[in-house]
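Here is the structure we will look at.
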DNA sequence: CTCGGTCGTCGAAGCGCTTCGACGACCGAG
DNA sequence: CTCGGTCGTCGAAGCGCTTCGACGACCGAG
């Protein structure tokens, strides 16, 4: 250990002195931007370790014109799929660290001003925008600011941007195809809260479109309904659905908070799962697994990793595809079965 | 708008030129550290607005020796109360912005090295440590690094640190007092997953201690059990509990993911709520509200705000109390009642 | 009317890094 | 043996800010 008191900044000059080289040489050893002899490199790295040197982030950002920080913009609104968001955030942080970047957490309360500030102050090199709506006001702003960004979810117009998402349309189709193949002829989608559709959130709309398209193609009746959060609300919405459409035998659920209550309520309404009612969910994997649900997992980690990887490619000047859709997969578990016919 | 292309950094020199003053004057207008005449101030602020100036974060950090960024360290482990974490994180970001600080998201995967790096690189001025365990390895590290920090949750030894938490011991007592006052003589605590107790997480241990203390004081029988996550696991643990202790009439639940399944399962086991079984939960408020649960809400926002406020006071050199416990409050709703005796 | 003090502003220095140009040392080709 | 080229290293400049000391201008007290 060194004699300096903790909290004292160890500078590149200290390392240079300790290793007996110029500061620029230390910099080149650390960045690898010029060839340095093995002996010198070894000596410098030893000094770095001995002194516990970490480059001053601000100084580095100032001199190199990049912050090595990306922003993660979370809206955190009602109807958000909270655990998905958390797993996603973790994947983002972990992946970003692998690229030697840190993650700044930005919430939407600050609104567009937040993006302006962050871009103007060079606090971050790029942004990850979560929970993008079909018509999202932040999207044109991003274009205008010329701030490299990657969107999670995809807006109606993705020109000049990069977005990553599960292919929710295909996920909706998959669920219907699975139920239709099992003989179900009347199915229902119990979806996100109405507010989510009203906001024009992409995943909800696309899933619904996929369900309808597959139903049309396969000659299956499909009704689609939003579903509010909370056990009581779910029970109510489910009862209303079954009252209006008593002959439904296949249920697609895309609402994290509804999964548990739906499974708990169906038996009370005289529908055993999967004997009288097959249930397929589009939800985080651990939730599906806990309840033995057939369904399409939302691959939060994978989306997070891909989003960061795309952003890093943009930051290094590569061009990236406008839309990256992850292929959904359906896992069959205990809650779906044939109609018995 | 100016003619400069977007993404070009507007500097303090640009503002100074535009306003016809020295750069240092602009700085003093913005920081308020020296008196500036109203006319000059007005001219400078107009130029700032006209040019869309935002100080370069790195340059500011380098010159002023503070980053105006705090780190939020989230462990993100099993048994975490995810929605609570999200609401907490939002409150932290919002409050930090109020103090003109941003929030860097750090996960625990990086371990102690992450704290070292963040401290050494002057990326942040201080840290908020979430989900602190009774014997947390990050706590002595924080002391050693002399990095100002505030803990959420409180460790066994909090010397020289600042921590904020709901008074979980008191929360446990409140629940028991409520049930005892309603005439219940045999009660049970269905707690966090066993792993959480094994890690020595403070909130779980303190709640259990509170439940036991109040039970002892009031002459009530109390059994306490961990409870795993997932509907099937919850059902199993609840059935086992009631099989071993069939005469329990009051249940304290401290496990976010168990609340729904417990309420769904009790009727199936022949216990109507609240007629045969009173249920009191220690959980996020919206969850309790959705299910009409009597319980003690975990005030995530309030904890987040307090934590940031404390950290800011530490950053400005004030001394702060070692332990800040928030007083819990019990809200009576539909799931608790008297024993009928 | 003079003079010390406050007010308002300026210029220079310095924060810790990266990057550019320069320049010995050394090598191999001729 | 000479000389152009590459390799490895250095020093200086500059990134955009804050902060310190200096210094006119102006004021009011005497």
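At a glance:
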item	result
Listing of helices (runs of 4 or more DSSP H) fully contained in the range A:159-220 that carry 3 or more residues being modelled with pLDDT of 95 or more	A:168-181, A:202-218
Residue B:269 vs. criteria surrounded by fewer than 22 Cβ atoms within 10 Å (Cβ to Cβ), over 21 Å from residue B:329 (Cα atoms) and touching a helix residue (DSSP H, G or I) at 6+ places or on another chain (Cβ under 7 Å)	yes
Residue B:90, sole failed condition from (1) at pLDDT below 95; (2) within 12 Å of DNA strand D (Cβ to nearest atom); (3) facing another protein chain (nearest Cβ under 7 Å)	(2)
Scope the range B:47-62; condition more than 7 Å from chain A (Cβ to nearest Cβ), more than 14 Å from residue B:22 (Cα to Cα) and surrounded by 13 or more Cβ atoms within 10 Å (Cβ to Cβ); matching residues	B:50, B:51, B:53, B:60
Selection from the range B:289-298 of residues that are modelled with pLDDT of 90 or more and in a loop (DSSP other than H, G, I, E, B)	B:293
Every residue from the range A:116-142 that is buried (at least 23 other Cβ atoms within 10 Å of the Cβ) and out of contact with any strand residue (DSSP E or B) (no Cβ under 6 Å at 6 or more places or on another chain)	A:119, A:123, A:131, A:136, A:139
Inter-residue pairs, beta-carbon under 7 Å, first without any contact (Cβ under 8 Å) to a residue 24 or more places away in the chain and in the range A:35-55, second outside any loop (DSSP other than H, G, I, E, B), 6+ apart	A:36/A:25; A:36/A:28; A:36/A:29; A:40/A:25; A:41/A:29; A:45/A:29
Residue satisfying condition, being under 31 Å from the mean Cα position of the chain (by Cα) and within 12 Å of DNA strand D (Cβ to nearest atom), within set A:32, A:58, A:20	A:58
Any hit, the range A:181-190, residues being within 30 Å of residue A:308 (Cβ to Cβ) and within 26 Å of the chain's Cα centre (by Cα)	no
So residue A:240, is it over 20 Å from the mean Cα position of the chain (by Cα), surrounded by fewer than 17 Cβ atoms within 10 Å (Cβ to Cβ) and part of a helix (DSSP H, G or I)	yes
Some residue of the range A:36-50 being within 8 Å of DNA strand C (Cβ to nearest atom) and either at pLDDT 95 or above or in a helix (DSSP H, G or I) (or both)	no
Among (1) assigned to a loop (DSSP other than H, G, I, E, B); (2) in contact (Cβ under 8 Å) with a residue 24 or more places away in the chain, the one test that residue B:318 misses	(2)
Conditions (1) surrounded by fewer than 20 Cβ atoms within 10 Å (Cβ to Cβ); (2) farther than 30 Å from residue A:126 by Cα: number failed by residue A:325	(2)
Residues (touching a helix residue (DSSP H, G or I) at 6+ places or on another chain (Cβ under 7 Å) and within 6 Å of DNA strand D (Cβ to nearest atom)) located in the range A:35-45	A:36, A:40
Hits in the range A:260-288 (condition: in a helix (DSSP H, G or I), in contact with a strand residue (DSSP E or B) (Cβ under 6 Å, 6 or more places away or on another chain) and at pLDDT 90 or above)	A:262
Among residues of the range B:143-162, those that are within 30 Å of residue B:218 (Cβ to Cβ) and crowded, with 24+ Cβ neighbours inside 10 Å, counted	1
Some residue of the range B:246-256 being touching a helix residue (DSSP H, G or I) at 6+ places or on another chain (Cβ under 9 Å), more than 23 Å from residue B:170 (Cα to Cα), within 13 Å of chain A (Cβ to nearest Cβ) and modelled with pLDDT under 95	no
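Per-residue answers, yes or no, for (1) within 13 Å of another protein chain (Cβ to nearest Cβ); (2) farther than 20 Å from residue A:68 by Cβ:
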site	(1), (2)
B:69	yes, no
B:104	yes, no
B:117	yes, no
B:124	yes, no
B:138	no, yes
B:144	yes, yes
B:152	no, yes
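The values are calculated or read from the model by the stated rules, or taken from the named source; none is laboratory data. Nothing here was measured: the structure is a model prediction, and the numbers come from that model. Here the Cβ is made from the backbone with ideal geometry for all residues, glycine too, and neighbour counts use every protein chain on show.
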